[in-house]
1. Check each of the GluC sites (Glu not before Pro) in region 16-95 and keep only those in coil by DSSP with at most 14 other C-beta atoms within 10 angstrom; list them in order.
2. Counting other C-beta atoms within 10 Å, and keeping those with at most 16, which DSSP coil trypsin sites (Lys or Arg not before Pro) do you find in region 1-42?
3. May I ask you to give the percent of accessible area on region 43-107 that is carbon plus sulfur, with a probe radius of 1.4 Å?
4. In the structure shown, do any of LYS66/LYS114; LYS32/LYS87; LYS32/LYS66; LYS51/LYS86 have a Cα-Cα gap over 24 Å, and if so which?
5. For helix 15-30, report the angle its Cα long axis makes with the longest principal axis of the Cα atoms of the chain; keep it between 0 and 90° and round to the nearest 10°.
6. Once the Cα gyration tensor of region 1-65 is diagonalised, what are the square roots of 5 times its eigenvalues, in whole Å and ordered largest first, as equivalent ellipsoid semi-axes?
7. Mind checking the per residue accessible area of region 20-116 for me, 1.4 Å probe, whole number of Å²?
8. Calculate, axis by axis, the spread of Cα positions in region 55-116 along the three principal axes, and write the results as whole Å, longest axis first.
Amino acid sequence: NNKVVILNFWETWCSPCRIEMQTINKLDSLVKDTSVVFGIISTQDMNKVKKDAMLKTIALPFYHLKSPMPASFSGTSIPRTYIINKKGEILVSEVGASAWDDSTVVHLIDSLKKAD
């Protein structure tokens, strides 16, 4: 796919998810590039998600998971975030809220953008 992918599984009712979402949004602005793709995924009804006031401050694409969770991303805890390199390998698998705008994450994404 030749893209670095950041996937985040979250729900609007999850307080840690809401806090973390701000750092993911900031990460997007810090690593902005056509070779980096963000996918913010919820199992909630998208009409409900789209009405959430917080989303008006987030510039990321939101998706609704309609099919069963792929085994590589299965789990019941949220938030869950994955960083996948251009070869499709999961390099980071983090359960729980994290500060995704941290400089170490930015450096990791920048190095992944340059890798073939």
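1. In loop regions of region 16-95 (DSSP not H, G, I, E or B), the sparsely surrounded GluC sites (Glu not before Pro) are GLU89.
2. Answer by residue number: LYS3, LYS32.
3. Details: 2150 of 4040 Å².
Result for region 43-107: 53 percent of the exposed heavy-atom area is carbon or sulfur.
4. LYS66/LYS114; LYS32/LYS66; LYS51/LYS86
5. With both axes taken from Cα atoms, the answer is about 40 degrees.
6. 20, 13, 10
7. In whole numbers, region 20-116 has 57 Å² accessible per residue.
8. Computed over region 55-116, the largest-to-smallest principal extents equal 33, 30, 20 Å.
The values are calculated or read from the model by the stated rules, or taken from the named source; none is laboratory data. As the structure is a prediction and not an experimental result, all values here were calculated from the model. Heads up, the Cβs are rebuilt from the backbone with ideal geometry, glycines too, and the neighbour counts pull from every protein chain shown. When the accessible area is computed, the model is the full protein with side chains, heavy atoms only, and any ligands, DNA or RNA have been set aside. Shrake-Rupley method; radii C 1.70, N 1.55, O 1.52, S 1.80 Å.
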